[in-house]
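Take a look at the structure set out below.
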Amino acid sequence: MNTEKTRFTFGDLMVRCGFATASEKTHTARQGDTQGGCGNPRPQTGASCSCSGGGACNGGGNPPGGSSLTAKPVTRRQAIGAMVGGALATTAFAASSLSPKTSDEEREKTLLKWQEYFKDNFRLMSDREKAETIQRLERLAYLDHATDVKIKATGAKPGVLFGYAFNISKCKGYRSCVDACIKENNLDRKSGMQYIRIFEMENGKMDIESGNAEYDHPVPAEGHFYMGTQCFQCANPPCVEVCPVGATWQEPDGIVVVDYDWCIGCRYCEAACPYWARRFNWSEPEVPAGEVNANQHYLGNRQRKKGVVEKCTFCVQRTREGRLPACAEACPTGARVFGNLLDPDSEIRYVLEHKQVFRLKEELGCEPKFWYFMD
Amino acid sequence: MNVIRLSILMIVVPGAVCLTACRKDTSGPTATADPPVSFEVDPAERNALKTTPHDPVVGFDHVQSKPFFVTRRTAKITQFPCAVCHETPLTAPAPAEVVNRGMHVDIDLHHADSATMSCATCHNYADLSGLRLLGGDIIPFDASYRLCSQCHFEQAQDWAGGAHGKRLAGWQGKRVVMNCADCHNPHAPALGSHWPVQKPEIP
């Protein structure tokens, strides 16, 4: 967690030291400390930087907050990572920090974790960096959990905006979706984490606060209906607004994702979400080796760690391949409709155009892309 | 919360004597004069569909919307083709006790009342391998959704558009949906109650 703190304070520090102006603050915070810098006031163009560190102070020609995301100089983060990583690789560091009995595997693990420590925010990574981190994560999954996983970084398809509709006349409260979600997304079994909540509501009541999500009896119960919630992938997501480090953002296809390796665990997003959609890992998530879903996405269901926030991503690892989210596929009643909002022939558009729909807490203006409808 | 009820009736009476051989193929003379449009399912899609626990699909015509695919029904009827037993046409409906004692002991009718429908409302006595629409057209079992949509037209409209029923394989590409009888037992269409899967541990 120390690094997480460093990441946060570093961006802040840049502002305090005049390294970034207040107007640049947002940009700096979003990009973390990838701009590098030595902590000294920004030198005038042409002047030499007075820093003496071996890191990548970006000098005068590359003002922070101004560089493009694609053309990147070597950053402080990369430089430190490479330096110490190199030391590790030559085993000088490893020999001093690890016991003589340390196996090659453990040494490899230490090195990989060190390199992971210094990687960038996912949005700032080049394709090569993405490929490298994925390779490391796959190897670490094997070393840590003895599972062969395949992690993808599939991007959003152009012309796609995902939307979801939920038929409250059809849902019977069987919770098959919850079960499928847990398995698909490698949710922590120890804490019993679940992204989806199915609320049992009394007929005639629409206040979801009065719903009971912990019902434990044969369903459907007489005089009740069922209303499912999960992340609604808001078009105006408050969780993204409040994130101080830019670890969560909205993708072009509308999915709000989390970079689990950038999250500092402050839980602001969890507090900001009016739909209780975000979950926090209070402990190291545990998934039995035999039950790990190996089809993973960097921004989706890959292994999370203690102290980070996670959430439903409409099964980004499936939906970006044209498949349905696990919950929609598992639903035995057909209450869940998923599709592309930009495709006028899609089922979701049919629902929006032909059925009476409403959204939860619409007055808040979060513009959730999740509609409820009735027969 | 209304449970959708479908109007297929599939009671087939055992022990009848056949006069002519029934066909498994329903595209013969007994098939409807206006047969459903058929679409080729390309091999890639067929492969993609193998990931679902359902049979490859056949293409059918649309009900009110754009053309889409429906799962094959005949592959799931365990005693199909009916002609294995029913070699001859039926002349009259069999009494309930005959049905319940015979090969169709699992069929328990909880659909519309007896004043509204009998076995013959849906089943074609002349050739049991097909179903009969109210207007007299004969359709194959794979197109049984047309039978249901005669009464349940509102549900059929939603189903054709996508607000009812289940889509298979994915949200992209050709639309493949489940047939009515994949979810609803046509003889007892209401979905039952059972225990939910997991109780959440909400902190």
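Between a first residue in region A:333-353 that is at the interface with chain B (Cβ under 9 Å from one of its Cβ atoms) and a second residue that is in a loop (DSSP other than H, G, I, E, B) and among the aromatic types (F, W, Y), which pairs have beta carbons less than 6 Å apart while being 6 or more apart in sequence or on different chains?
Short answer, once both residue conditions are applied: A:F338/B:W171; A:G339/B:W171.
Which of the residues belonging to region A:250-263 are within 12 Å of the chain's Cα centre (by Cα) and either farther than 26 Å from A:T154 by Cβ or part of a loop (DSSP other than H, G, I, E, B) (or both)?
Once the filter is applied, which keeps residues that are within 12 Å of the chain's Cα centre (by Cα) and either farther than 26 Å from A:T154 by Cβ or part of a loop (DSSP other than H, G, I, E, B) (or both), region A:250-263 yields A:E251, A:I255, A:D259, A:Y260, A:D261, A:W262, A:C263.
Look at B:L109 and say whether it is surrounded by 15 or more Cβ atoms within 10 Å (Cβ to Cβ), at pLDDT below 85, assigned to a loop (DSSP other than H, G, I, E, B) and away from every other protein chain (no Cβ under 14 Å).
yes
Among (1) touching a Ser or Thr at 6+ places or on another chain (Cβ under 8 Å); (2) farther than 18 Å from A:Y298 by Cα, there is one condition A:P244 misses while meeting the rest; what is its number?
Every listed condition holds for A:P244 apart from (1).
Could you please find all residues in region A:330-375 being among the polar types (S, T, N, Q) and more than 22 Å from B:L168 (Cα to Cα)?
Result: A:Q356, single match.
Could you go through region A:243-259 and let me know if any residue there is β-branched (V, I, T) and either surrounded by fewer than 18 Cβ atoms within 10 Å (Cβ to Cβ) or at pLDDT below 95 (or both).
no
Please work out which residue is nearest to A:G334 (Cα to Cα), limiting yourself to region A:229-277 and to residues that are of a type in the set (G, A, S) and in contact with a Cys (Cβ under 6 Å, 6 or more places away or on another chain).
A:A277
In region A:197-208, which residues are more than 9 Å from chain B (Cβ to nearest Cβ) and touching a helix residue (DSSP H, G or I) at 6+ places or on another chain (Cβ under 9 Å)?
Residues satisfying the conditions are A:F199, A:M201, A:E202.
Could you look through region B:146-182, keep only residues that are within 16 Å of A:E347 (Cβ to Cβ) and in a helix (DSSP H, G or I), and pick out the one that is nearest to the other protein chains (Cβ to nearest Cβ)?
Going through the qualifying residues, I end up with B:G161.
If you take the residues of region A:209-230 that are within 31 Å of the chain's Cα centre (by Cα) and outside any loop (DSSP other than H, G, I, E, B), which of them is farthest from the other protein chains (Cβ to nearest Cβ)?
This residue is A:S210.
Restricting the first residue to region A:187-208 and requiring it to be under 30 Å from A:N295 (Cα atoms), which pairs with a second residue that is loosely packed, with under 14 Cβ neighbours inside 10 Å meet a Cβ separation below 7 Å and a spacing of at least six or different chains?
Matching pairs, first to second residue: A:D188/A:E286; A:R189/A:E286; A:R189/A:P288; A:K190/A:S283; A:K190/A:E286; A:S191/A:S283; A:G192/B:E201; A:F199/A:N212.
The values are calculated or read from the model by the stated rules, or taken from the named source; none is laboratory data. Remember, it's a predicted structure, so these values are computed and weren't measured experimentally. Backbone-built Cβ (ideal geometry, glycine too); neighbour counts: all protein chains shown.
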